[in-house]
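Shown next, in structure tokens, is the structure this report addresses.
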Amino acid sequence: MSAFDHTVSDYQPAHAYWLARAAKLAYSDEAAIRDTVREWGFDRCEYFQAELDSSFPIEDTQAYAAGSDRMIVVAFRGTEPEKIKNWLSDANALVTPGPAGKGLVHEGFSRALDAVYPRVRDAVQRLRDAEQTLWFTGHSLGGALAMLASARMYFEGPQLLPDGVYTFGQPRTCDRFLAGPYDDAFPSRVFRFVNNNDLVAQLPPEPFHHVAAIRYFGADGKLREQMTVASGLADRFKGFSGDAFAPASDGVRDHQMDRYVELLEKSLV
């Protein structure tokens, strides 16, 4: 298996694979996370969990930060699409100012991050005691939180530019007035993976936007650096039918984190 070269910030297949595994690990309980990151060579780990109020469709926000003498990985847990169905389908969802007042972000995603961000920020500053490289990752909702956390880390305090942000099945998170400055500030450092018909990656509708750097798995399982609108629609049409949020639908199956890990492992060969 390819090693993770923490000194390189541009796209590397090994980075994608290992950060996908880190994103998947965020779904585990605290004990499993601590045991696994120790096996991976991280000697320090901080775990974050914060309950959200009853108006939220999810119960809590969870994340962890794993640190070694070379690198720090911050991973956010996602959730099942059905739990945030209303967030994903509502083009008129409430918005709130983005990091450092740049643009607007989905209020639900912003509040979910607010629940843990101060502790995540402080943990990164504690763990980064030897100029370690810094990486963010997450799947689904966790991808949105990873993107927003990296933006806050850079545009606000402590103004650290992460070495890489890898997200998987990330929903549209902000408007173009944050997406643009974010893309400008993070050249060749942000990689947003989408698996074919992944429903979550296509929502919420406009005016919400994605950050630019996409890596797309087609229906054939091959990884592409970009996908034209016409060919993307044709590719996604294969197998797409029925209730979009049903567990057996193509859009939900393609959203599963296990599938992303499987495809990325194959891409290493």
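The values are calculated or read from the model by the stated rules, or taken from the named source; none is laboratory data. Keep in mind that what you see is a predicted model, and the values were worked out from it rather than measured. Please note: Cβ atoms are built from the backbone with ideal geometry, for glycine as well, and neighbour counts cover all protein chains shown.
Within segment 127-161, being part of a strand (DSSP E or B) and buried (at least 20 other Cβ atoms within 10 Å of the Cβ) holds for Leu134, Trp135, Phe136, Thr137, Gly138, His139.
Annotation: of all residues in segment 120-163 being of a type in the set (Val, Ile, Thr) and in contact (Cβ under 8 Å) with a residue 60 or more places away in the chain, the one that is nearest to Gln62 (Cα to Cα) is Val120. Somewhere in segment 96-119, is a residue more than 26 Å from Arg176 (Cα to Cα) and either modelled with pLDDT of 95 or more or not in a loop (DSSP other than H, G, I, E, B) (or both)? Scanning segment 96-119, I find at least one residue that is more than 26 Å from Arg176 (Cα to Cα) and either modelled with pLDDT of 95 or more or not in a loop (DSSP other than H, G, I, E, B) (or both), so the answer is yes. Looking for something buried (at least 22 other Cβ atoms within 10 Å of the Cβ), touching a Phe, Trp or Tyr at 6+ places or on another chain (Cβ under 9 Å), of a type outside the set (Phe, Trp, Tyr) and on the phi > 0 side of the Ramachandran plot - is there at least one such residue anywhere in segment 195-206? Scanning segment 195-206 turns up at least one residue that is buried (at least 22 other Cβ atoms within 10 Å of the Cβ), touching a Phe, Trp or Tyr at 6+ places or on another chain (Cβ under 9 Å), of a type outside the set (Phe, Trp, Tyr) and on the phi > 0 side of the Ramachandran plot. Taking each residue of segment 164-193 that is surrounded by fewer than 24 Cβ atoms within 10 Å (Cβ to Cβ) and acidic (Asp, Glu) and looking for partners that are modelled with pLDDT under 95 and not in a loop (DSSP other than H, G, I, E, B) with beta-carbon atoms closer than 9 Å, six or more apart or interchain, yields Asp175/Val95; Asp175/His209.
Among the residues in segment 207-224, are any in a helix (DSSP H, G or I) and either at pLDDT below 95 or not polar (S, T, N, Q) (or both)? No, that holds for no residue. So, in segment 114-126, how many residues would count as being surrounded by 20 or more Cβ atoms within 10 Å (Cβ to Cβ) and touching a Pro at 6+ places or on another chain (Cβ under 9 Å)? Matching residues across segment 114-126 total 1.
Results for (1) part of a strand (DSSP E or B); (2) modelled with pLDDT under 95; (3) farther than 24 Å from Leu178 by Cβ, shown as yes or no for each residue.
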{"position": "Pro57", "(1), (2), (3)": "no, yes, no"}
{"position": "Tyr64", "(1), (2), (3)": "yes, no, yes"}
{"position": "Leu88", "(1), (2), (3)": "no, yes, no"}
{"position": "Gln125", "(1), (2), (3)": "no, no, no"}
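Within the option set Ala14, Ala75, Ala22, Ala93, being surrounded by 13 or more Cβ atoms within 10 Å (Cβ to Cβ) and part of a strand (DSSP E or B) holds for one residue only, Ala75. Can you find a residue that is surrounded by fewer than 22 Cβ atoms within 10 Å (Cβ to Cβ), touching a Cys at 6+ places or on another chain (Cβ under 6 Å) and not in a strand (DSSP E or B) anywhere in segment 27-39? Yes, segment 27-39 contains at least one residue that is surrounded by fewer than 22 Cβ atoms within 10 Å (Cβ to Cβ), touching a Cys at 6+ places or on another chain (Cβ under 6 Å) and not in a strand (DSSP E or B).
Note on segment 37-55: among residues that are more than 20 Å from the chain's Cα centre (by Cα) and modelled with pLDDT of 95 or more, the one that is nearest to Arg21 (Cα to Cα) is Trp40.
Can you tell me which residue within segment 47-72, out of those that are in contact with a Gly (Cβ under 8 Å, 6 or more places away or on another chain) and closer than 16 Å to Trp135 by Cβ, is surrounded by the fewest Cβ atoms within 10 Å (Cβ to Cβ)? The qualifying residue surrounded by the fewest Cβ atoms within 10 Å (Cβ to Cβ) is Ser68.
Does Ala20 qualify as being modelled with pLDDT under 95 and closer than 17 Å to Val269 by Cα? Spelling it out, it is not the case that Ala20 is modelled with pLDDT under 95 and closer than 17 Å to Val269 by Cα. Going residue by residue through segment 62-81, is there one that turns out to be of a type in the set (A, V, I, L, M) and farther than 20 Å from His15 by Cβ? So far as segment 62-81 goes, no, none of its residues is of a type in the set (A, V, I, L, M) and farther than 20 Å from His15 by Cβ.
Output yes when any residue across segment 64-71 is more than 17 Å from Lys24 (Cβ to Cβ) and of a type in the set (A, V, I, L, M, F, W, C), and no when none is. Among the residues of segment 64-71, at least one is more than 17 Å from Lys24 (Cβ to Cβ) and of a type in the set (A, V, I, L, M, F, W, C), which makes the answer yes.
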